[in-house]
Each structure stands twice: as structure tokens, then as C-alpha cells.
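Visitor: Next up is a structure, given as C-alpha cells.
Any read-out appearing in this document is the output of simple, stated calculations on the displayed coordinates, not a laboratory observation. These numbers come from a predicted model, not from an experiment. Here the Cβ positions follow ideal geometry from the backbone for every residue, glycine too, while neighbour counts run over all protein chains shown.
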Amino acid sequence: MDADLDAIVEDRESRKSSSNANNSSNSLPGFTDYVIAAAARALKLHPIVNSQVTAEGIALLPEIHVSMAVALPEGLIVPVIKNTTSLDLASLASETKRLSGAAREGKLGLAELEGGTFSVSTLGMFGVDGFTPVINPPNTAILGVGRLRDDVVVSKKGKVSTVKRMTLSLTWDHRVFDGAPAAEFCKSIVDLLADPSALNK
């Protein structure tokens, strides 16, 4: 599913200008940070996605801990952003920066690798639009994030313009939920990305 990110680009530029003007040390959110924030809030709206398959059946998880895939020369590692929905964008950006840095330096603790309830994987930095991410067990879904690109659109009146877009690709366990709930979850992410202010609530 494609997400229009014009509002996100504008919000990020505003944050950058404000940070420069105030000499702020707050971390500037990257585009993946915005997607993680939107996905975490969408999980609250669609609890079936924040789940695990257990011996007793499907377990809806009470807490939201989004895992972020970090590529290392020796393979992939997936640190966990604990209580993701409790973080505003600046705090989330600081935490993802800390975790990715610790991952590359080999300094992640076991607690930082356990307890993830949903995963996000990004290949946009390699120029990839859409891809099929592989679920990180025991999660039941993972979101793939493509590159930010310019798409040409034509309005109903024939006006040509460009929009900033990103392709989001969801892989999920069909034992837990089907295509319609998956599409509704993705639509919630897209809607949240259209309103950056909602990502600080």
C-alpha cells in the first residue's frame, strides 16, 4: 500500500528548522521513525496484529513493543523499542538512533532483543520500493518500508503535480488474520502518516 508523505516531509523540515534555530540536541526523526510511530498507534486500533500464536491459541498482547531490523555485515539483528506508543517522535528518534548504534557496535543487551510484538524492516536506503519481509517469530506480522520517491499524479481536473510517496508492504500469518484486517491495519498507518500531529499523542 502506498502512503503519501507530503505532510511528513513538511513536518520534518519544520522540526529541522526549529532545531537549528534553537540549537536543540533533540534527534531529528527519520522517515522510518514516522512509520514506526504510525504502526505502533495502528496496532492499538487493530490488536489482532499485535499478537502471537501459542499452544493455547491466538494471544493478543497487552503491550506494544516494535522491533526494528538493523542490517549488520554478519546478518540481521532486531532490537526492540519498548513501549513504543509511549514515545513522542523526538524520543522515538533518540531511541532508534541509540539502538541502531548499539547494534552496530555489538553492545546490545539481551533485554534489548527480547519482547518484540511487531517488526518493521526498511530497505528504502537501497532504492527498493516494495518487498516481501519475512516474519520475525513469534510475531505474527512485519511491515516492510520502501524508499521515499516522487510520484506524478493527475487530478480530476487534469492538473499534474508530484507527491512524496512510500510503499509499505505487510507480511502476516494467515492463521491469525486474513486480508481484510491486514488491509485495514495498513490503511490506518497511511491515515496516521497523513497527520503527523497524531504521532505525538
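Visitor: Sorting K159, K44 on the 10 Å Cβ count, fewest up front, what's the list? Show your work: numbers first, answer last.
Guide: On the way: K159 8, K44 11.
In increasing order of surrounding Cβ atoms, one gets K159, K44.
Visitor: Considering the dipole of segment 2-195 built from charges on the beta carbon (Lys and Arg +1, Asp and Glu -1) around the Cα centre, which of L108, S91, V120 is farthest to its positive end?
Guide: Going by the Cα projections, it comes out as S91.
Visitor: Write down the percent of antiparallel bridges among all DSSP beta bridges whose residues are both part of the chain, to the nearest 5. Kindly include the intermediate steps, with their values, before the conclusion.
Guide: Numbers: 23 of 30 bridges.
Just about 75 percent of them are antiparallel.
Visitor: For labels at V160 and V128 in the simple 7 Å Cα→Cβ model, what's the distance in nm?
Guide: 3.2
Visitor: Report the local net charge at L99: Lys and Arg +1, Asp and Glu -1, summed over other residues whose C-beta lies under 14 Å from its C-beta. Display every interim value, and only then the final one.
Guide: On the way: positive: K82, K97, R98, R104, K107; negative: D33, E95, E105, E112, E114.
Residues near L99 contribute 0 overall.
Visitor: Taking Cα pairs under 8 Å and at least six residues apart, what relative contact order does segment 2-195 come out at, in percent?
Guide: Numbers: 350 pairs, mean separation 53.0, N = 194.
So the answer I get is 27 percent.
Visitor: Show me 126-139, 181-194 ranked by packing, highest mean number of other Cβ atoms within 10 Å first. Numbers along the way, then the final one.
Guide: Details: 126-139: 14.4, 181-194: 18.3.
Result, highest mean first: 181-194, 126-139.
Visitor: Compute the distance from the alpha-carbon center of segment 159-184 to that of segment 20-79, in whole Å.
Guide: 16
Visitor: On to the next question. For A55 and D150, compute 0.36 nm times the residue count separating them, minus their Cα-Cα distance, and round to one decimal in nm.
Guide: Numbers: separation 95, 0.36 × 95 = 34.20 nm, distance 4.59 nm.
Between A55 and D150, full extension yields an extra 29.6 nm.
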